[in-house]
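S.K.: Please see the structure below; I have some questions.
The values are calculated or read from the model by the stated rules, or taken from the named source; none is laboratory data. Everything quoted here is computed from the prediction, not taken from an experiment. Every residue, glycine as well, gets a Cβ built from its backbone with ideal geometry; the counts of neighbours run over all protein chains shown.
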Ligand code: AMP
Ligand code: MG
């Protein structure tokens with residue numbers, strides 16, 4: 001048998017500065033040499049630095065020609081802050097080997113209880129077995145001796161040797177070959193009394209479970225490695241309608257908050273009936289510029305208003321304090337909106353009068369001729385509360401505060417300073433991918449780098465819908481823990497998400513690649529539930545929707561409530577990400593924002609009741625659209641309203657009659673609609689009427705130009 005290749009990485013700040021100070025490499029080499037199965041080890045020293053540790057390990061394991069069978073690391077496995085070897089190595093491991101870890105700790109525990117203070121990691125990356133050992137020469141030697149007999153066999157299996165042949169002679173022969181046996185008690189560290197043996201193994205078994213198990217289960221664990229990685233998605237394929245139902249079921253009911261009346265309230269749904277706090281107008285007000293008069297009625301016996309009258313006072317709209325009552329036989333100059341003086345009951349428009357004389361100093365009017373005698377009490381006057389009465393219902397639960405401004409005006413004029421509304425959800429957007437570069441990074445792209453276009457485009461779209469957003473940045477695929485930390489921080493409201501997020505939208509990392517860690521991270525690391533991981537649609541097949549539990553400390557109380565937050569993991573392709581944001585995320589945000597309540601509240605007027613998600617309309621195809629045989633396609637298109645026949649027409653933003661690639665960034669650039677093309681053979685025919693989802697406003701057009 002060819003000798004196996006082994007490398008030793010000494011992880012130590014001190015030794016990296018003074019290589020002569022390292023004694024561990026020299027202590028380990030003889031143990032391997034004594035086995036005569038190993039080449040003489042390659043040795044390298046790095047400081048306690050995650051990046052340098054990972055670089056060395058990857059160089060030794062990932063080189064397809066000169067890879068090493070065994071990589072031993074020594075140092076950095078303790079509890080000191082700088083000890084980060086396990087953190088550096090764990091994410092690189094495809095298949096963990098807890099048996100080896102257990103064996104090493106068990107052996108060291110016989111020497112010292114301090115063995116509990118080491119944090120070893122062992123496992124396989126591609127074909128290389130990686131084991132971390134303590135930093136001290138004594139500890140490293142003890143640990144290596146505990147497992148060294150088994151390592152050639154483990155390395156051969158990892159390298160792809162046929163395990164059936166290797167096992168043909170049974171575990172006993174493997175034990176004999178490795179020089180270990182549970183029955184002989186001859187090899188110190190591995191022995192176990194039969195009575196201590198796990199029930200999984202026959203009496204005397206000490207070999208790792210993998211020796212006896214051939215039923216390998218597939219897994220979506222990122223560390224499961226190529227052999228156990230799924231080769232087709234384990235998630236059932238849902239129809240779009242089924243997926244939307246899941247979203248609706250798992251989106252929580254909206255939360256009520258008290259919101260100040262300002263521009264941020266636009267788009268909110270009112271959560272309870274609102275009653276006017278003040279009358280509008282609050283006083284008897286003139287609706288014209290002119291003269292307040294006492295028009296005759298049955299109670300005042302006033303003379304006709306026709307004739308010349310002295311001008312008693314001037315009332316401007318912004319007048320403060322109390323006004324002197326108007327005496328019969330006098331009139332008062334008044335401006336639009338100003339209060340009438342007591343006793344006055346009508347206003348004569350300035351156009352119906354002539355100035356007769358001014359005061360001696362020429363600054364004021366003295367007498368005015370009123371040319372009409374037809375003035376009725378109440379003419380040109382708004383009675384108090386004639387627009388809105390004090391206590392009148394001005395908005396109902398479910399009303400939407402629109403951007404047109406009417407509702408804000410009503411609230412503002414009736415003295416309402418705060419309103420109970422449903423809380424608009426805050427959405428955090430996270431991009432994932434090692435290849436991503438900030439879109440505004442001035443440096444030229446190299447290698448496989450691409451600009452992160454999804455984050456700005458999704459944030460722009462969410463803001464245009466009126467939702468508060470948080471930019472959660474980019475999470476790299478490697479190490480996988482970066483994604484987990486980014487999601488955990490966002491759920492907890494730490495770092496970039498310190499203002500709190502209700503919904504997390506991610507892009508990338510949901511397809512079938514080995515770096516597509518989102519689903520396993522949500523399920524395994526965050527304990528979340530994936531409600532769907534595949535949808536029968538184009539683009540957007542790997543779209544994933546999950547809920548993740550999190551603990552929230554209630555304000556002013558120490559009681560912790562368990563709630564869940566929503567994660568939408570959208571595909572990385574830019575067109576897929578935007579289409580699925582529109583199709584799946586928007587209805588959920590609408591529900592969270594209370595639009596479902598709104599629909600229920602005004603169900604008596606179905607034409608007014610808002611739908612959740614994009615508005616659906618019928619459109620006429622202006623050309624042939626190719627159909628996908630299996631999946632419903634959401635084809636990016638421009639929808640125009642014809643000025644001549646009043647119909648809506650849809651034209652693809654792609655090449656006429658050609659399918660659209662989900663990776664085409666530009667396919668959404670001018671689109672205002674998604675044309676829903678149900679699966680089928682051939683094409684959607686020109687002139688056919690199909691459904692479309694409107695993402696933006698409809699353009700006006702001349703039918704002759706588009707058909
Ligand atoms: P993934 O699902 O992570 O395999 O990504 C699928 C494709 O989308 C790859 O070509 C990615 O490079 C691309 N992609 C992923 N994230 C982004 C992003 N934030 N902006 C632009 N393209 C992306
Ligand atoms: Mg990716």
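S.K.: Could you identify the single residue in 417, 451 that is surrounded by 14 or more Cβ atoms within 10 Å (Cβ to Cβ) and either away from ligand 1 (no atom under 14 Å from the Cβ) or farther than 30 Å from residue 276 by Cβ (or both)?
M.R.: 451
S.K.: If residue 667 passes every condition in (1) closer than 22 Å to residue 702 by Cβ; (2) in contact with a strand residue (DSSP E or B) (Cβ under 6 Å, 6 or more places away or on another chain) but one, which one does it miss?
M.R.: (1)
S.K.: Within segment 456-489, take every residue that is within 19 Å of the chain's Cα centre (by Cα) and within 13 Å of ligand 2 (Cβ to nearest atom) and give me the one that is modelled with the lowest pLDDT.
M.R.: Start the filter on segment 456-489 by keeping residues that are within 19 Å of the chain's Cα centre (by Cα), which leaves 456-477, 480-489.
Filter once more, so that each one left must be within 13 Å of ligand 2 (Cβ to nearest atom): 474-477, 480, 482-483.
Numbers: 474: 97, 475: 96, 476: 94, 477: 91, 480: 78, 482: 92, 483: 94.
Here the residue is 480.
S.K.: In segment 585-632, how many are surrounded by 15 or more Cβ atoms within 10 Å (Cβ to Cβ) and over 26 Å from residue 246 (Cα atoms)? Don't jump to the end; show me each part of the working.
M.R.: Initially, segment 585-632 is screened for residues surrounded by 15 or more Cβ atoms within 10 Å (Cβ to Cβ), giving 585-599, 601-602, 609-610, 612-614, 617, 619-628, 631-632.
Remaining after also requiring over 26 Å from residue 246 (Cα atoms): 619-627.
Residues flagged as surrounded by 15 or more Cβ atoms within 10 Å (Cβ to Cβ) and over 26 Å from residue 246 (Cα atoms) within segment 585-632 amount to 9.
S.K.: Right, here's the next one. I'd like to check something: does segment 424-438 contain any residue that is within 15 Å of ligand 1 (Cβ to nearest atom), free of Cβ contacts under 8 Å to residues at least 24 places away in the same chain and touching a strand residue (DSSP E or B) at 6+ places or on another chain (Cβ under 8 Å)?
M.R.: The first filter runs over segment 424-438 and keeps only residues within 15 Å of ligand 1 (Cβ to nearest atom), leaving 428-438.
From the residues that got through so far, the ones that are free of Cβ contacts under 8 Å to residues at least 24 places away in the same chain too are 435, 437.
Those still in the list that are touching a strand residue (DSSP E or B) at 6+ places or on another chain (Cβ under 8 Å) too: 435, 437.
Yes, segment 424-438 contains a residue that is within 15 Å of ligand 1 (Cβ to nearest atom), free of Cβ contacts under 8 Å to residues at least 24 places away in the same chain and touching a strand residue (DSSP E or B) at 6+ places or on another chain (Cβ under 8 Å).
S.K.: Please go through segment 513-529 and pick out each residue that is in a loop (DSSP other than H, G, I, E, B), within 15 Å of ligand 1 (Cβ to nearest atom) and over 24 Å from residue 582 (Cβ atoms).
M.R.: Within segment 513-529, the first condition is being in a loop (DSSP other than H, G, I, E, B), and the residues that meet it are 513-517, 526-528.
With the extra rule that they be within 15 Å of ligand 1 (Cβ to nearest atom), the set shrinks to 513-517.
Of everything in segment 513-529, those that are in a loop (DSSP other than H, G, I, E, B), within 15 Å of ligand 1 (Cβ to nearest atom) and over 24 Å from residue 582 (Cβ atoms) turn out to be 513, 514, 515, 517.
S.K.: Something else: Output the residues belonging to segment 501-512 that are outside any strand (DSSP E or B) and within 11 Å of ligand 1 (Cβ to nearest atom). It would help to see each step written out before you state the result.
M.R.: Start the filter on segment 501-512 by keeping residues that are outside any strand (DSSP E or B), which leaves 501-502, 508-512.
The answer is 508, 509, 510, 511, 512.
S.K.: Which fully enclosed strands (runs of 3 or more DSSP E) of segment 6-119 have 3 or more residues being surrounded by fewer than 22 Cβ atoms within 10 Å (Cβ to Cβ) and in contact with a strand residue (DSSP E or B) (Cβ under 6 Å, 6 or more places away or on another chain)?
M.R.: Because the criterion is at least 3 residues that are surrounded by fewer than 22 Cβ atoms within 10 Å (Cβ to Cβ) and in contact with a strand residue (DSSP E or B) (Cβ under 6 Å, 6 or more places away or on another chain), the strands (runs of 3 or more DSSP E) in segment 6-119 that meet it are 42-46.
S.K.: While we're here: Given segment 408-500, what strands (runs of 3 or more DSSP E) lie entirely inside it while holding 1 or more residues that are under 30 Å from residue 514 (Cα atoms)?
M.R.: On the way: elements: 418-422, 427-432, 469-475.
Here the list reads 427-432, 469-475.
S.K.: Filter segment 408-437 for residues that are within 19 Å of the chain's Cα centre (by Cα) and more than 16 Å from ligand 2 (Cβ to nearest atom) and give the result.
M.R.: 423, 424, 425, 426, 427, 428
S.K.: Just one of (1) at pLDDT below 95; (2) more than 15 Å from the chain's Cα centre (by Cα); (3) not in a strand (DSSP E or B) trips up residue 552, so point out which.
M.R.: Unmet for residue 552, out of (1) at pLDDT below 95; (2) more than 15 Å from the chain's Cα centre (by Cα); (3) not in a strand (DSSP E or B): (3).
S.K.: Go through the residues of segment 241-249 one by one and say whether even a single one is more than 24 Å from the chain's Cα centre (by Cα) and touching a residue at least 24 places away in the same chain (Cβ under 8 Å). Reasoning before the result, please.
M.R.: First pass over segment 241-249, keeping only residues more than 24 Å from the chain's Cα centre (by Cα): none.
So far as segment 241-249 goes, no, none of its residues is more than 24 Å from the chain's Cα centre (by Cα) and touching a residue at least 24 places away in the same chain (Cβ under 8 Å).
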